[in-house]
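The values are calculated or read from the model by the stated rules, or taken from the named source; none is laboratory data. As the structure is a computational prediction, the values presented were derived from the model and not from experiment. Glycine gets a Cβ as well: all are built from the backbone with ideal geometry, and neighbour counts include every protein chain shown.
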Amino acid sequence: MTTATVPRGIGDALTDLPVGHFIGGHWTDDPTLQPVENPATGEMIAAVADADAGTGMAALNAAVAAQESWAATHPRARADLLMRAFDLLHERADRIATLITLEMGKPYAEARGEVAYGAEFLRWFAEEGVRGGGDYFRAPAGDQRIVVTRQPVGPVYAITPWNFPLAMATRKIAPALAAGCTVVLKPAPQTPLTALEFMRVLADAGLPAGVVNCVTTSNAAEVSTPIITDPRLRKLTFTGSTVVGRLLLAQASRRVLRTSMELGGNAPFVVLESADLDKAVAGAVLAKMRNTGQACVSANRFLVHESLAADFGDRLAAELSRLPVGDGLAPSTRVGPLIDSAAVDRVEGLVRDAAERGAQVRTCAEIGSGPGYFVAPAVLTGVDPESRVWREEIFGPIAPIRTFADTEQALAAANDSEAGLVGYVYGENLGETMRFAEGLQTGMCGVNTGIISEVAAPFGGVKASGLGREGGSAGLDEYLEVKYIGVAL
Ligand code: NAD
């Protein structure tokens with residue numbers, strides 16, 4: 001195995017790193033490397049292999065070669081492997097969480113939370129994968145019998161984003177493996193280290209050669225297009241931006257390739273007149289600030305009843321001011337950096353645009369001029385609905401607030417977005433709050449809670465937020481084909 005050691009005083013997380021591609025059960029030794037940066041410092045922390053199209057194809061070849069034997073493996077054996085990987089992830093949680101913080105910046109405690117959440121997908125799908133299922137019944141019109149069975153869809157290409165580098169990979173790989181599919185994983189270029197470390201976990205858990213392969217690259221399109229257009233690939237699963245999702249769907253449509261798409265959000269966070277303000281403010285902090293606002297489920301547009309809005313804005317700003325901003329490895333840090341300098345420029349541009357359109361900006365932290373990609377959390381009031389901060393996915397610690405007078409008006413405003421991933425609604429009037437939740441054009445909704453990610457629940461969006469569901473029992477169906485066999489008796 002090619003390994004790299006970067007001497008830094010942060011324990012052994014950066015020693016003995018796998019930095020090659022993982023193909024056919026082997027680590028490649030590559031001359032072409034791409035840098036990995038720590039967004040809290042701007043320093044290069046490692047360099048990993050940089051795949052070209054040929055390397056991507058080698059990974060697909062390995063996945064195709066392993067498909068038949070993996071599909072024939074007993075479901076219990078596949079589940080046992082997932083459970084061994086679950087245990088190993090927990091044993092190595094400290095190291096993997098440190099890697100997550102180092103390469104994408106989230107506070108270490110949140111990175112530990114991601115390891116626990118990411119590992120749960122291995123356990124959940126180990127349990128789901130052995131349940132089988134199917135049907136056998138008599139056709140209404142005669143003696144024919146209808147047999148319905150489910151078969152693995154075949155080799156899968158999984159493309160993941162940088163914001164949850166472990167959990168987005170396990171949410172795809174665990175159900176694929178449980179269903180009997182082999183996989184090529186392409187992690188985001190910003191966060192290859194966590195993905196490669198997860199490959200080591202799978203290998204140590206006894207993964208047969210070729211069943212999961214991983215290629216890291218700075219040229220996603222060059223590597224991905226030949227894989228997606230290869231007739232042996234049977235499924236594309238993508239988590240990332242809606243822009244890239246559209247592009248991949250266009251490629252997939254040429255082959256009528258099966259896809260799952262987990263795309264961007266623009267979540268409304270609605271505080272109804274009957275809301276408990278303590279709960280709403282606490283939920284808003286969680287829904288806005290997890291991952292420094294860089295989550296697809298981040299609260300993006302705050303819609304607050306006019307009778308509560310001033311109080312809500314003051315209290316939210318006060319809470320955000322209490323969150324220390326800094327390097328995620330510092331124990332006190334609650335808000336880390338953004339992923340890169342382009343993200344800082346984008347988020348600062350959104351705030352400028354809103355201010356130019358009349359918003360009042362309350363900045364909730366002092367950001368020094370030191371290194372790292374930091375943006376101060378801010379609460380914006382009096383926001384014009386045509387502002388970019390209202391229309392676009394923010395992906396940063398900015399909370400824009402608008403007010404409403406009646407609930408119908410709030411629902412129309414909440415649904416006025418092409419995105420439909422998640423919404424949040426706070427209210428103590430059960431009937432009104434539940435009607436609101438039902439009326440939201442989203443795949444998911446939190447009622448009086450700011451955190452909804454849960455391994456046992458179907459996660460996914462409607463409208464331009466995507467196709468398909470991950471997690472829950474629906475997450476396994478994404479990797480199975482339903483097959484009907486008609487039997488004449
Ligand atoms: P991104 O779309 O830029 O990149 C995602 C992945 O796609 C990366 O691996 C990237 O290398 C790859 N990619 C980019 N261009 C490609 C191309 N032409 N062909 C093939 N692959 C390509 O997104 P990001 O910035 O990494 O992640 C943030 C986005 O992900 C946000 O929009 C967020 O909402 C979304 N997201 C959605 C969910 C969900 O479950 N719905 C979860 C997490 C993140």
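How about the stretch 316-327: which of its residues are among the charged types (D, E, K, R) and touching a residue at least 60 places away in the same chain (Cβ under 8 Å)? Selection gives Asp327 alone.
Ala330 satisfies every condition listed in (1) under 25 Å from Pro189 (Cα atoms); (2) in contact (Cβ under 8 Å) with a residue 12 or more places away in the chain; (3) part of a loop (DSSP other than H, G, I, E, B) except (2).
In the set Arg391, Arg402, Arg362, Arg352, only one residue is without any contact (Cβ under 8 Å) to a residue 24 or more places away in the chain and basic (Lys, Arg); that residue is Arg352. Restricting attention to the stretch 231-256, the residues that are more than 9 Å from the ligand (Cβ to nearest atom), farther than 20 Å from Gly180 by Cβ and not hydrophobic (A, V, I, L, M, F, W, C) add up to 4. Here the helices (runs of 4 or more DSSP H) wholly within the stretch 387-471 that include at least 2 residues being more than 16 Å from the ligand (Cβ to nearest atom) and modelled with pLDDT of 95 or more are 407-414, 430-439. From the list Leu338, Leu272, Leu323, which one is modelled with pLDDT of 95 or more, within 16 Å of the ligand (Cβ to nearest atom), among the hydrophobic types (A, V, I, L, M, F, W, C) and within 30 Å of Glu470 (Cβ to Cβ)? Among Leu338, Leu272, Leu323, only Leu338 is modelled with pLDDT of 95 or more, within 16 Å of the ligand (Cβ to nearest atom), among the hydrophobic types (A, V, I, L, M, F, W, C) and within 30 Å of Glu470 (Cβ to Cβ). Residues in the stretch 225-270 that are among the polar types (S, T, N, Q), within 18 Å of the chain's Cα centre (by Cα) and surrounded by fewer than 19 Cβ atoms within 10 Å (Cβ to Cβ): Ser241 alone. Selection of the stretch 368-417 for residues being acidic (Asp, Glu) and more than 19 Å from Val297 (Cα to Cα) yields Asp384, Glu386, Asp406, Glu408. Output the number of residues of the stretch 286-314 satisfying the condition of being part of a helix (DSSP H, G or I), buried (at least 21 other Cβ atoms within 10 Å of the Cβ) and more than 16 Å from the chain's Cα centre (by Cα). Within the stretch 286-314, residues that are part of a helix (DSSP H, G or I), buried (at least 21 other Cβ atoms within 10 Å of the Cβ) and more than 16 Å from the chain's Cα centre (by Cα) number 2.
Scanning the stretch 360-379 for residues that are part of a strand (DSSP E or B) and of a type in the set (S, T, N, Q) yields a count of 2.
Please indicate, with yes or no, whether at least one residue in the stretch 291-310 is within 10 Å of the ligand (Cβ to nearest atom), farther than 27 Å from Ala179 by Cβ and among the hydroxyl-bearing types (Ser, Thr, Tyr). For the stretch 291-310, residues within 10 Å of the ligand (Cβ to nearest atom), farther than 27 Å from Ala179 by Cβ and among the hydroxyl-bearing types (Ser, Thr, Tyr): present. Would you mind stating whether Ala221 is exposed (fewer than 15 other Cβ atoms within 10 Å of the Cβ), within 13 Å of the ligand (Cβ to nearest atom), closer than 30 Å to Pro337 by Cα and modelled with pLDDT of 95 or more? The answer is yes for Ala221. Of all residues in the stretch 366-398, those satisfying the criterion of being more than 21 Å from the chain's Cα centre (by Cα) and aliphatic (A, V, I, L, M) are Ile367, Val375, Ala376, Ala378, Val379, Leu380, Val383, Val389.
Working only within the stretch 334-359, note down all residues that are under 22 Å from the mean Cα position of the chain (by Cα), of a type outside the set (Gly, Ala, Ser) and part of a loop (DSSP other than H, G, I, E, B). Correct list: Arg334, Pro337, Leu338, Ile339, Asp340.
Residue by residue through the stretch 107-119, note down the ones that are touching a residue at least 24 places away in the same chain (Cβ under 8 Å), farther than 14 Å from Leu88 by Cβ and over 13 Å from the mean Cα position of the chain (by Cα). Answer for the stretch 107-119, where residues must be touching a residue at least 24 places away in the same chain (Cβ under 8 Å), farther than 14 Å from Leu88 by Cβ and over 13 Å from the mean Cα position of the chain (by Cα): Pro107, Tyr108, Glu110, Ala111.
In the list Asp52, Asp87, Asp12, Asp30, which residue meets the criterion of being surrounded by fewer than 23 Cβ atoms within 10 Å (Cβ to Cβ) and in contact with a strand residue (DSSP E or B) (Cβ under 7 Å, 6 or more places away or on another chain)? Result: Asp30 is the single residue among Asp52, Asp87, Asp12, Asp30 that is surrounded by fewer than 23 Cβ atoms within 10 Å (Cβ to Cβ) and in contact with a strand residue (DSSP E or B) (Cβ under 7 Å, 6 or more places away or on another chain). Please verify whether the stretch 427-441 includes one or more residues that are in contact with a strand residue (DSSP E or B) (Cβ under 9 Å, 6 or more places away or on another chain), touching a residue at least 60 places away in the same chain (Cβ under 8 Å) and within 30 Å of Gly154 (Cα to Cα). Checking the stretch 427-441: not a single residue is in contact with a strand residue (DSSP E or B) (Cβ under 9 Å, 6 or more places away or on another chain), touching a residue at least 60 places away in the same chain (Cβ under 8 Å) and within 30 Å of Gly154 (Cα to Cα).
The lone criterion from (1) away from the ligand (no atom under 11 Å from the Cβ); (2) out of contact with any Gly (no Cβ under 8 Å at 6 or more places or on another chain); (3) among the β-branched types (Val, Ile, Thr); (4) not in a helix (DSSP H, G or I) left unmet by Thr216 is number (1). Screening Gln251 with (1) assigned to a helix (DSSP H, G or I); (2) in contact (Cβ under 8 Å) with a residue 60 or more places away in the chain gives one miss only, at (2).
Let's see how each residue does on (1) of a type outside the set (Phe, Trp, Tyr); (2) assigned by TED's automatic domain parsing to the domain that holds Arg334; (3) in contact with a strand residue (DSSP E or B) (Cβ under 7 Å, 6 or more places away or on another chain); (4) surrounded by 21 or more Cβ atoms within 10 Å (Cβ to Cβ):
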| residue | (1), (2), (3), (4) |
| --- | --- |
| Gly105 | yes, no, no, yes |
| Gly113 | yes, no, no, no |
| Tyr117 | no, no, no, no |
| Pro140 | yes, no, no, no |
| Val147 | yes, no, yes, no |
| Tyr157 | no, no, yes, yes |
| Met168 | yes, no, yes, yes |
| Val183 | yes, no, yes, yes |
